[in-house]
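First up is the structure itself, then whatever we jot down about it.
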Amino acid sequence: MKLALGCLFWLVFLGLAYVFEQHWLQSLALPAGPGWLRPALAGTLALGLTMSAGGLHGVWVALRRREQAALPDFDQRRREGEIVRLGGVLEIDEEPIVAPFSGRAAAMLSYKAYPFVVDKESERERRAVDWAPRIYGRMQRRCWLRTRTQRIALQGFPCPDPMPNWRRNGDEAEAACARHLANTRFEVVPDFGEHGVGAVVGQLRQLPARLAQLDEPGDHHQCNEAAAAMLGLTADGRDEATLRARLRALDPRWLFDEHAWMPGQEVTAVGTWQASPPTLDIGCSVRHPERGLLLGLPAARARHDLKGAIVFTLVMAALTALGHFALHHDDAAWLRMAVEALG
């Protein structure tokens, strides 16, 4: 709800800024030009104003976070159900996860593998084809955040995107993947929309139950129907050598990707606070996209975010002011010359 209200606020702000810029441009002696010229200028200036205001809001948020980072770990102002940011060391009480492709020791891990090609024009990797074979999973131990004064239980699985990822392709990664496939039971989940509207409705009905299941610590391994058929992942007694041959048989080659949180890392946990027992729900969701587990302590992250917000605000404000000056100075003679040159 907060995210939706925030988006609505900035859309309204952008609309009001556009109306303001339209009135301001009408007060200037600008050349007539084509019909789209004034709306385009007003839209560009309104966007600059909106982004500058958004930058100021980002500075305010970063200042608040810096202030919160200075609070003691146990602070009476924290309310039940409030989103808080706490820093500490990530801990587990059991044996760590062995990452399926890299072999790293992890407390939480998200992985995926799929065939990929490289676009020759953009030189960017992309999925090979629609409904290409794909395997993915999440592995999690019960995790704790060790702060300066207390040990807090972490609940839910955070969004893996902010963490540095490990990406490889080639023989060594394929061998590790084949070993993982041979010793892991996979749930076959059709790709969203693969079987038409009826299947989409069924998948949406199952979504709440699946999300509730994923909130529990443990391992969840899934693949789509194309991967299950090509690699034989529904069969018992799968052989590692056969699986590796099947992986190598597909052209293009596979890309293997992991995001992992390591025991002993200094992290910032952003989550919903529960006082008794001390718990943070860091599970990312549509309702709570701000929750997560970020690398680095809150004070360092707050300083970095504040610097970035200040630089962004100054740049956007300078560009927006320059645009207004260019249109106001000398009755925008440069614009008149450009319009005349274009006929």
Can you list residues from other chains, or at least 5 along the same chain, whose modelled amide H is less than 5 Å from the amide H of Asp219? Gln140
Positive dipole terminus of the range 133-178, leading residue within Leu154, Ala175, Pro164 (C-beta point charges): Leu154
Label points 7 Å out from Cα along the Cβ direction at Arg79 and Leu28: separation in nm? 4.6 nm
Amide H contacts under 5 Å for Arg151, placed H, 5+ residues apart: none
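Treating only the Cβ of Lys, Arg, Asp and Glu as charged (+1, +1, -1, -1), what charge dipole size does the range 240-282 show about its Cα centre? Round to the nearest 20 debye.
On the way: 4 positive and 6 negative charges, 65 e Å.
Dipole about the Cα centre, nearest 20: 300 debye.
Would you work out the charge dipole size for the range 221-261 about its Cα centre, treating the Cβ of every Lys and Arg as +1 and the Cβ of every Asp and Glu as -1, and quote it to the nearest 20 debye? Could you put the intermediate results ahead of the total?
Details: 5 positive and 7 negative charges, 33 e Å.
With only Lys, Arg, Asp and Glu charged at Cβ, the dipole is about 160 debye.
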Computed over the range 218-319, the relative contact order (Cα-Cα under 8 Å, seq sep at least six) in percent reads 17 percent
Nitroxide proxy distance, nm - points 7 Å out along Cα→Cβ at Arg66 and Leu322: 2.6 nm
Sequence order, the range 234-242: Karplus ³J(HN,Hα) from phi using 6.51 cos²θ - 1.76 cosθ + 1.60, θ = phi - 60°, Hz rounded, Gly and Pro as x, gives 8, 7, 7, x, 5, 9, 4, 5, 5
Spin-label point model (7 Å from Cα, Cβ direction): what's the Thr44 to Val12 distance in nm? 2.9 nm
Skipping prolines and chain starts, which residues have an amide H placed within reach, meaning under 5 Å, of the one on Cys159, given they are 5 or more residues away or on another chain? Cys284, Leu293
Per-residue ³J(HN,Hα) for the range 44-49, Karplus 6.51 cos²θ - 1.76 cosθ + 1.60, θ = phi - 60°, Hz, x for Gly and Pro: 5, 5, 5, 5, x, 4
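Values in this text are rule-based calculations from the coordinates and carry no lab data. From a predicted model like this one, the values you see are computed outputs, not experimental measurements. Cβ: placed from backbone, ideal geometry, glycine included. Neighbour counts: every protein chain shown.
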